[in-house]
Amino acid sequence: MLCETAPVVGTERANVADLVRAAAARRPNGTALVHVPTAGDRTTTTWAALDADVEATAAGLRSELGLHTGERVALALGSTPAFVTAYFGALRAGLVAVPLNTGYTAPEVSQLVHDADAHVVLCDDATLTVVEEAVAGTHRALVDPAGLDSVTAAGRGHAADTDGRSGEDVAVLMFTSGTSGRPRAAMLSHRALLANLDQCRRLEPAPMTEDDVVLLVLPLFHIYGLNTGLGMVAATAATGVLVERFDPVATAELVRTEQVTNVPGAPPMYVGWSAAEQLDALRGVRLMASGASPLPAAVLEQVLTGVGRPVHEGYGLTETAPVVSSTLASDVVKAGSIGRPVPGVEVRLVDEDGNDVGDGDPGEVLVRGANLFSGYWPDGSGGPRDDGWWATGDVAYHDDDGDLFLVDRRTELVLVSGFNVYPREVEDALAGHPDVAEVAVIAVPHPYTGEAVKAFVVPRAGSSLTADDVTRHAATRLARFKRPTIVTLVPELPHSATGKVAKARLRAREVEELG
């Protein structure tokens, strides 16, 4: 299957930081950022003030830190105005931003900073100790909150000394979640980031407008929060409400008090609001979106019933900057669907020989568009083919209306006696048990079938669920070869920053137990 829309043009020579300058010209006195810290007073920043801070930071990064065009600046910063200023300031200075997960340990930070060859690491009070340990004994400079303030202050009144880095130049090195093996840094150019914003802005209804007040609770070190959230706020000159940590009750109250109209979200947020009976707070929200992992059908229905509007699901990857498809492009929202490709993005579904699959058949998702990355750092390996197509490794099918449904990661298939088992299908079946709160499925070695299905199951609080209960339930929902051979009850599953189950950690645990 080929899904095609008109190409996007006009982003080849722009710098992502130009978005802030344009927003300041458009709404100089409009509120750009509202920051509500976990402790402290609420602050606001206008677009004119933010643009001035970005310009000063860009000038200071060059003059005070002696950084040169193309050098990497790691951002170990939470979702605060400091991150926003540092991010856009680095790009305006012609540097490459390297956002780091603020929950990483010192060894993890050390490894990623080394892999990116970052010259400087900007940190805040929450990450200072970890970063200090990570860069100890290296040539890499640490800039703490006071140091970052000094950099910005030194740049006041000076124009950023840049050479117009833009277009195909790398803007961001974004480390993937590392679902298999070691995380790799996707090279995202200014062109790719801007193209995806333009592609999404061509959707109807518009995913964001300058009248929106946007909840920015997704971590900014993740591509979803960084570009679809923060980037779109700048592209539309909207108002972003920065939240450093998601709490269903506190965040719901913030949605009310700040009169939030737009929520770029992830499944755990809607699950949390539903469980905490806070859906009423979303009644004034114009548009709700969800990505990063599948939204349970029951939660989608709860939100639709409780709020009166659907949650629009989408699909994307770090390497696609990130949005590939959205139910905003569909005629109707369907449970489990990831919608249709956004304007300017082409999608093909192919079999193992690279041939287009038939209607309703699952195939690997290939993507082509101006939003694609430039390969993995540092040599550009693994990028799009010469014809522009890039294989995602994900498997999907489309229904008669052309709406896409994600089946699973191709790399996560379980091969049982030569038969393909999609973990997502098994997980959905097991999740149907009323006493199952969460489930994750992986492949484990098996002496007779090659691989077998193992399920990690989190029982619902207060239940008396047993592994045998899960096995019996599976027997009523799945063919024998798809049923889990091993069921392990666990108190919780590991998750990434956006709520996706971190299966790499589960696999690593299995390797340790076997070895």
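As an exercise, use a Förster radius of 51 Å and the Cβ-Cβ distance of Leu489 and Asn355 to find the FRET efficiency, rounded to the nearest 0.05.
After rounding, the FRET efficiency stands at 0.75.
What percent do you get for the relative contact order of the stretch 192-296 when only Cα pairs under 8 Å and 6+ apart count?
27 percent.
Report the Cα centroid-to-centroid distance between the stretch 14-80 and the stretch 486-515 in angstrom, as an integer.
Here the two parts' Cα centres lie 37 Å apart.
Output the relative contact order of the chain, whole-number percent, from Cα pairs under 8 angstrom with separation of 6+ residues.
Relative contact order of the chain: 13 percent.
Using the Cα centre of the stretch 349-407 as origin and beta-carbon charges of +1 (Lys, Arg) and -1 (Asp, Glu), tell me which of Ser374, Tyr397, Val407 is placed farthest towards the positive end of the dipole.
Ser374
Only four residue types carry charge here, +1 at the Cβ of Lys and Arg and -1 at the Cβ of Asp and Glu. Report the dipole size of the chain about the Cα centre in Debye, rounded to the nearest 20.
The dipole magnitude comes to about 360 debye.
Using θ = phi - 60° and the Karplus relation 6.51 cos²θ - 1.76 cosθ + 1.60, list the HN-Hα couplings for the stretch 386-402 in order, rounded to whole Hz, with x at every Gly or Pro.
4, 8, x, 7, 10, 8, 7, x, 8, 10, 8, 9, 10, 8, 5, 8, x
So, in nm, how far is label Ala39 from label Arg480 when the simple model puts each one 7 Å beyond its Cα toward the Cβ?
6.0
Which of these values of Rg and Dmax of the Cα atoms in Å was calculated from the structure shown: (1) 43.9, 185; (2) 24.4, 82; (3) 22.8, 72?
(3)
Based only on the alpha carbon positions, what is the Kirkwood hydrodynamic radius of the stretch 208-358, in angstrom?
Here the Kirkwood hydrodynamic radius works out to 15.9 Å.
Take the Cβ-Cβ distance between Glu277 and Asp401 as r, set R0 to 30 Å, and report the resulting FRET efficiency rounded to the nearest 0.05.
In this case the efficiency is close to 0.30.
Given the Cα-Cα distance of His68 and Thr411 and 0.36 nm per residue of separation, how much length would full extension add, in nm?
Here the answer is 119.6 nm.
With θ set to phi - 60°, apply the Karplus curve 6.51 cos²θ - 1.76 cosθ + 1.60 along the stretch 403-415 and write out the HN-Hα couplings as whole Hz, x wherever there is a Gly or Pro.
7, 8, 10, 6, 8, 4, 6, 4, 6, 9, 4, 9, 9
Need one number for the stretch 1-142: average projected area of the convex hull over its C-alpha atoms, nm².
Computing the convex hull of the Cα atoms and averaging its projections yields 12.0 nm².
Determine the gain in length on full extension of the stretch Gln259-His139; use 0.36 nm per residue of separation and subtract their C-alpha separation, reporting nm with one decimal.
Once the chain is fully extended between Gln259 and His139, it gains 38.6 nm.
Please give the contour-minus-distance gain from Asp149 to Ala437: 0.36 nm per residue of separation, less the Cα-Cα distance, rounded to one decimal in nm.
Full extension from Asp149 to Ala437 adds 99.2 nm.
Distance between Cα centroids, the stretch 213-284 to the stretch 285-353: provide it in whole Å.
17
Taking 7 Å along the Cα-to-C-beta vector as the label spot, tell me the Gln111-Ala48 distance in nanometres, rounded to one decimal.
For the pair Gln111/Ala48, the computed spacing is 4.8 nm.
Can you tell me which of 476-483, 218-225 comes out highest on packing, and rank the rest after it, using the mean Cβ neighbours within 10 Å?
218-225, 476-483
Rounded if a/c is under 1.5, else prolate if a/b is larger than b/c, else oblate: which is the stretch 457-508, with a ≥ b ≥ c the root eigenvalues of its Cα gyration tensor?
Oblate shape, in that a/c is at least 1.5 and b/c is the bigger or equal ratio.
Grab the alpha carbons of the stretch 396-515, take their convex hull, and tell me the volume per residue in Å³.
Dividing the Cα hull volume of the stretch 396-515 by its residues yields 136 Å³.
Can you tell me which of 84-90, 204-210 comes out highest on packing, and rank the rest after it, using the mean Cβ neighbours within 10 Å?
84-90, 204-210
So for the stretch 3-151, averaging the separation of alpha carbon pairs under 8 Å that are six or more residues apart and normalising by length, what relative contact order in percent results?
Once normalised by length, the contact order is 20 percent.
How would you rank 490-499, 257-266, highest first, on the average number of other Cβ atoms within 10 Å across their residues?
257-266, 490-499
Which value, in debye to the nearest 20, gives the size of the charge dipole of the stretch 297-432 about its Cα centre, when Lys and Arg are +1 and Asp and Glu are -1 at the Cβ?
It comes to approximately 520 debye.
Amide H neighbours of Gly375 under 5 Å, at least 5 residues apart or on other chains, H built in the peptide plane: list them.
Sorted by chain and number, the residues that satisfy this are Met187.
Towards the positive end of the charge dipole of the chain, with charges on Cβ (+1 Lys, Arg; -1 Asp, Glu), say which of Leu230, Ala146, Leu75 has the farthest Cα.
My answer, from the dipole projection, is Ala146.
Read-outs: derived from the displayed coordinates by stated rules, not from any lab. As the structure is a prediction and not an experimental result, all values here were calculated from the model. Glycine gets a Cβ as well: all are built from the backbone with ideal geometry, and neighbour counts include every protein chain shown.
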